[in-house]
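Notes follow the structure.
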Amino acid sequence: ISSAASDVYKRQIPVVGELDTNGREEMSCEVQIADGFLQPGVPDNESERLEALRALDLLDTPPEDRFDRIGQIARTMFDVPVALITLIDKDRQFMKSSCGIPAENIPRNMAFCAHAILQDGIFEVPDMHLDDRFSAHPLVIGPPHVRYYVGAVIRDLCGLAMGTLCLL
């Protein structure tokens, strides 16, 4: 796969389906690859989701102890170096809380959490280096060298995905 920014194409890639009693069910779907890594899709309810996200009045606000405490608890409970609370905006991932790594907003197309909000359950990638979807991702091959990712979707009262609590 070319790493040129203009190299955007679609290919069939295996993805993990729902867990069943027989183990993981594999299925195939069409995905978009750009810059050598999987680009996140957009939820069908994106306009409604973004409206609800903005109504929370959390975007572009300073860190808050109430969110940082949750991140610190998760980081300690799961013995991981990084815990984040993220909000997925139209074109970026906003870090509401960042424990273990400096908080920096990143473009949505680079956000692992943008993939997680498309899931009904937990989104886990045990080894980013071995996963074709992410092995060439800049945050995997360069700083902060993400090896493991797990994200749980944070939903509003209507069930719309706002972001994630994720562990790296």
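Since every read-out is calculated from the coordinates, none of them should be taken as a lab result. Since this is a predicted model, take the numbers as computed values, not measurements. Positions of Cβ are generated from backbone atoms using ideal geometry, with glycine treated the same way; all protein chains shown enter the neighbour counts.
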**Request:** Order these peptides, 42-48, 127-133, 145-151, by their mean beta-carbon neighbour count within 10 angstrom, highest first.
**Result:** 145-151, 127-133, 42-48
**Request:** Please get the size of the charge dipole for segment 61-105, origin at its Cα centre, with Cβ charges of +1 on Lys and Arg and -1 on Asp and Glu, quoted in debye to the nearest 20.
**Result:** 80 debye
**Request:** For every other residue with a beta carbon closer than 12 angstrom to the beta carbon of SER135, add +1 if it is Lys or Arg and -1 if Asp or Glu, then tell me the sum.
**Result:** -1
**Fill in**
For 50-58, 155-163, ranked highest to lowest by mean beta-carbon neighbours within 10 Å, the order is 155-163, 50-58
**Message:** Report the per residue volume, in Å³, of the convex hull enclosing the C-alpha atoms of segment 98-168.
**Reply:** 93 Å³
**Relative contact order %, segment 84-168, counting alpha carbon pairs below 8 Å whose residues are six or more apart** = 29 percent
**Message:** Shape verdict for segment 40-89, please, from the Cα gyration tensor: rounded (a/c under 1.5), prolate (a/b greater than b/c) or oblate.
**Reply:** oblate
